[in-house]
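None of the figures in this text is laboratory data; all of them are computed from the coordinates on show. Keep in mind that this is a model prediction, so the values were computed, not measured. Don't worry about glycine lacking a Cβ; one is built from the backbone with ideal geometry, like all the others, and counts go over all protein chains shown.
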Amino acid sequence: MRSALLALLLLTPLVAASAPEPSADLLLTGGRVWTADPSRPWAEAVAVRDGRVVFVGRDAKAARLKGPKTHVLALRGRLVTPGFEDAHMHLMSGARNLERVDLTEDTTLPALQERIREFAQANPGSPWVVGRGWVYGSFPGGLPTREQLDAVVPDRPAYMDCYDGHTGWANSKALALAGITRDTKDPQNGTIVKDAKTGEPTGALKEAAGSLVEDLIPEPAADRHYALLLQALALLNRTGITAVQDAGWTPEEVARFLPLLERARAEGKLTVRTRLTVDISPDDPATGIAEAVRLRERYREGEIVFGGVKGYVDGVIESHTAAMLAPWSDDPALGRGTPRWEQAALDRAVAAADKAGLQVWLHSIGDRAIRMALDAYAAAAKQNGPRDRRDRVEHVEAIDAADAPRFAALGVVASMQPLHANPDQNNEEVWSRNIGPERAGRGFAWRLIEQGGGRLAFGSDWPVVTPDVFRGLYCAVTRKTREGKPAGGWLPRLAVSVENALRHYTIDAAWAGFGEKERGSIRVGNRADLVVLSRNILAAPPEEILQTRVLLTLLEGKPVWRDPSLQ
Ligand SMILES: [Zn+2]
């Protein structure tokens with residue numbers, strides 16, 4: 001009996017090996033498949049069964065997986081890549097902004113005003129006029145005024161957030177509603193900009209001061225926000241995105257947003273994988289850490305995952321709220337920006353989150369803030385010992401040269417958003433001017449971090465900029481605007497290759513979200529999250545990236561976007 005069983009056990013693998021492999025549900029053939037898997041970078045065919053990749057290789061070998069029910073898609077040489085992952089975005093505010101004035105395409109004051117006037121006229125019943133996306137360079141002096149907004153919305157409160165979310169533009173009605181007068185004191189970590197002569201609020205609200213008005217804007221009702229979320233997911237799938245990592249919900253937002261994501265999942269409509277983080281604030285980091293731990297226990301795997309906390313070490317360069325090592329170049333009397341944390345407090349909070357097994361994200365834009373984040377990560381690693389922690393610095397806009405190699409040394413992810421480096425008027429006249437040519441010369445130093453051996457994860461920071469992956473790829477590779485300016489690209493030595501940029505939007509982004517064993521590359525066993533592109537951007541001139549469309553987006557082998565032109 002025993003020996004019979006043993007014989008059976010020994011025979012089993014042979015029997016399994018000789019049995020025909022079950023046929024695939026879906027077969028992609030005749031393509032140029034870029035796998036992001038170094039052991040097999042290119043293939044012709046991919047087979048999918050039960051939502052997983054079951055074969056990657058040559059067409060001839062794939063044919064044996066074709067059964068009577070297999071759906072075959074002939075790619076005719078088209079490029080296939082892993083589904084894109086946006087490593088830093090704000091999904092729910094991106095969704096909410098789909099019903100607000102979008103100012104991201106306007107760069108002059110008259111154009112902004114016209115766009116807002118049109119929106120207000122088209123929405124006479126809406127109690128507020130809200131929008132976002134203006135850039136500092138559109139305004140004389142770099143900041144907007146309430147009179148400029150009163151001129152187009154005199155009858156209702158109006159509030160327009162800057163593209164970076166760090167400065168608000170309120171009209172007189174909105175300031176009155178918020179009770180902001182010449183006597184109102186600045187909130188912690190915020191500035192109510194006041195006229196130097198009259199002392200009256202100008203309408204520009206920096207950092208936390210924006211919340212004084214923002215908190216009064218009615219949120220969309222749950223059903224409305226849900227409908228907008230579904231629109232947002234469709235928009236992301238159209239640009240090939242199959243996974244996003246979301247940069248920080250407050251505990252209140254968790255209560256409001258999580259039911260919407262859960263509803264989408266229950267209805268089978270969550271067509272993008274989500275990994276979420278909880279905000280930590282300098283005055284009470286323990287609350288955010290505790291909330292993240294609670295959620296991590298409930299959402300460890302699947303389409304909704306919690307795994308980290310996010311904090312802000314500084315603000316942004318444009319409004320002089322970033323934390324720099326040396327004073328501002330345009331106006332040294334303004335100082336060098338104030339970090340939101342003392343180093344010791346940051347170290348304590350990071351070490352506590354790390355000890356709880358959480359991944360830590362720190363928004364750090366100025367060179368001093370970047371150094372503070374890296375120092376805090378180094379201290380936590382020393383204190384808590386080795387661990388697969390994958391801590392991240394978000395944005396990394398103006399790095400000190402000495403800190404570039406530390407990303408590799410500490411195993412910290414540089415989470416960067418290529419389109420933030422778009423060399424437009426705002427970049428030239430405000431961003432670069434504020435920090436001067438020497439520091440601006442290391443602006444968005446993707447290549448420098450790559451050369452130091454560090455890992456980059458790319459994203460959009462949507463709604464800060466469009467989540468369109470091709471706009472990001474184009475900027476990463478050319479460092480030019482859509483119009484092709486400047487001719488040779490801005491600091492072209494810091495650009496990355498198309499292949500590396502793709503890697504940062506796929507396997508590296510997946511790694512930054514602890515997902516590389518399941519997604520981010522096209523490998524047997526991985527989930528079949530794939531995209532088919534209209535052009536082979538790895539062979540075409542970079543200009544063609546902007547004309548590239550996604551023809552098909554597959555999530556676990558199922559189409560979540562299909563271009564009508566695809567047969
Ligand atoms: Zn962000």
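The single condition from (1) more than 16 Å from the ligand (Cβ to nearest atom); (2) crowded, with 16+ Cβ neighbours inside 10 Å; (3) over 25 Å from Asn123 (Cα atoms); (4) not hydrophobic (A, V, I, L, M, F, W, C) that Lys185 fails is (2). If you go through the range 343-381 and keep only what is within 16 Å of the ligand (Cβ to nearest atom) and part of a helix (DSSP H, G or I), you end up with Ala369, Ile370, Ala373. Residues in the range 351-365 that are in contact (Cβ under 8 Å) with a residue 40 or more places away in the chain and either buried (at least 24 other Cβ atoms within 10 Å of the Cβ) or not hydrophobic (A, V, I, L, M, F, W, C) (or both): Ala353, Gly357, Leu358, Gln359, Val360, Trp361, Leu362, His363, Ser364, Ile365. A search for C-beta distances below 9 Å between a residue of the range 173-185 that is at negative phi and any residue that is exposed (fewer than 12 other Cβ atoms within 10 Å of the Cβ) and part of a loop (DSSP other than H, G, I, E, B), counting only pairs 6+ apart in sequence or on different chains, returns Lys173/Asp155; Ala178/Asp215; Arg182/Thr198; Arg182/Gly199; Asp183/Gly199. Taking the listed residues Arg503, Arg519, the one that is touching a residue at least 24 places away in the same chain (Cβ under 8 Å) and either outside any loop (DSSP other than H, G, I, E, B) or of a type in the set (Ser, Thr, Tyr) (or both) is Arg503, with no other qualifying.
Residues in the range 256-314 that are basic (Lys, Arg) and within 16 Å of the chain's Cα centre (by Cα): Arg273, Arg275, Lys310. Residues in the range 385-396 that are within 16 Å of the ligand (Cβ to nearest atom) and either hydroxyl-bearing (Ser, Thr, Tyr) or in a loop (DSSP other than H, G, I, E, B) (or both): Val396 alone. Considering only the range 525-544, state which residues are of a type in the set (Gly, Ala, Ser) and over 23 Å from the mean Cα position of the chain (by Cα). Passing the criteria: Gly525, Ser534, Ala539, Ala540. Restricting to the range 212-248, and then to whatever is out of contact with any strand residue (DSSP E or B) (no Cβ under 7 Å at 6 or more places or on another chain), in contact (Cβ under 8 Å) with a residue 12 or more places away in the chain and small (Gly, Ala, Ser), can you tell me which residue is nearest to the ligand (Cβ to nearest atom)? So, considering only residues that are out of contact with any strand residue (DSSP E or B) (no Cβ under 7 Å at 6 or more places or on another chain), in contact (Cβ under 8 Å) with a residue 12 or more places away in the chain and small (Gly, Ala, Ser), the one nearest to the ligand (Cβ to nearest atom) is Ala232.
The residue that is nearest to the ligand (Cβ to nearest atom), among those in the range 249-281 that are farther than 18 Å from Glu99 by Cβ and basic (Lys, Arg), is Arg275. Do we find that Arg340 is touching a residue at least 40 places away in the same chain (Cβ under 8 Å), basic (Lys, Arg) and assigned to a helix (DSSP H, G or I) in this structure? No.
Of the numbered criteria (1) more than 16 Å from the ligand (Cβ to nearest atom); (2) of a type outside the set (Phe, Trp, Tyr); (3) within 18 Å of Asp461 (Cα to Cα), the one Ser93 fails is (1).
Let's see how each residue does on (1) farther than 27 Å from His363 by Cβ; (2) within 16 Å of the ligand (Cβ to nearest atom); (3) free of Cβ contacts under 8 Å to residues at least 60 places away in the same chain; (4) crowded, with 21+ Cβ neighbours inside 10 Å:
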residue	(1), (2), (3), (4)
Glu99	no, no, no, no
Gly125	yes, no, yes, no
Val129	yes, no, yes, yes
Gly133	no, yes, no, yes
Leu143	no, no, no, no
Leu149	yes, no, yes, yes
